[in-house]
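Input: a single structure, listed below in structure tokens.
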Amino acid sequence: MDALEALAKRRSVRKYKSGTVTREQLSQIVNMGRLAPTARNEQPWEFVVVTQPAKLRQLAHLADHGKFIADASACIVVLCRPTTYYLEDGSAATTQIMIAATALGLATCWVAGDKKAYAAQVLATCGAPAEYKLIALIAVGHGGETPTPAKRALGEVLHWDSFGGGAKK
């Protein structure tokens, strides 16, 4: 699948069916996150890949909107050192991870991390240093659904030269 197709097909999937996601696939996906753009090339990120069912259930229990993590094959925990642009850098890595998973025919869902009350507990569960910032919990697995959310038309969101400039030019 090419990059544009992967970008167009990526969806937030909250239902997973059984099936193995290999260590090789997970490494390949995380590697794409590692290659994300980063301010000043700081690369503040670390990635913890959780595949143990008991730990997946524990993360699912902690995340207030991530109960489905328990049914996924893996959860990639994206962490960053507290640099000036940790949130932007970690978000770029998270996005690339999800697109890479889509390109491999896998499903993902981004569960929020930064500023969440459960962030410190997730860090402790993963054995991460307390000063790190939780950017995302990314459920990864074989999709049990194919969401088709309505998206705003390009003409509604594209502006040329100034806000309200319209898509036609």
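The values are calculated or read from the model by the stated rules, or taken from the named source; none is laboratory data. Just so it is clear, the model here is predicted, and its values are computed rather than measured. Cβ coordinates were reconstructed from backbone atoms using ideal geometry, including for glycine residues, and neighbour counts include every protein chain displayed. Quick note on the areas: whole protein, heavy atoms, side chains included, nothing else; ligands and nucleic acids left out. Shrake-Rupley method; radii C 1.70, N 1.55, O 1.52, S 1.80 Å.
A compact table of results
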| item | result |
| --- | --- |
| GNM flexibility winner over the chain from VAL157, VAL111, VAL48 (Cα, springs under 10 Å) | VAL157 |
| Nearest-20 debye value, the chain charge dipole, Cβ charges on Lys, Arg, Asp, Glu | 400 |
| Length released on extending from LEU154 to LYS17, taking residue separation times 0.36 nm less the Cα-Cα span | 46.0 nm |
| Surface accessible to a 1.4 Å probe, TYR85 within the full protein complex, Å² | 100 |
| GNM top mover of ALA136, ALA70, ALA54 - the chain, alpha-carbon springs below 10 Å | ALA54 |
| Lysine pairs in the chain with Cα atoms under 23 Å, if 8 or more residues apart or on separate chains | 19 |
| DSSP bridge orientation in the chain - percent antiparallel, rounded to nearest 5 | 95 |
| Heavy-atom accessible surface of the chain: percent carbon and sulfur, 1.4 Å | 54 |
| Most positive-pole-ward Cα, ALA107, ALA130, GLY141, against dipole of the range 102-169 from beta carbon charges | ALA107 |
| Top of ALA107, ALA150, ALA120 by mean-square fluctuation, Gaussian network on the chain, Cα under 10 Å | ALA150 |
| Normalised per residue, the volume of the convex hull around the Cα set of the chain (Å³) | 142 |
| From phi via Karplus (6.51, -1.76, 1.60), per-residue ³J(HN,Hα) for the range 9-14 in Hz, x at Gly/Pro | 8, 5, 9, 8, 9, 10 |
| Mean ellipticity per residue at 222 nm, deg cm²/dmol - from DSSP H runs of n ≥ 4 across the chain, formula -39500 (n - 2.57) | -10000 deg cm²/dmol |
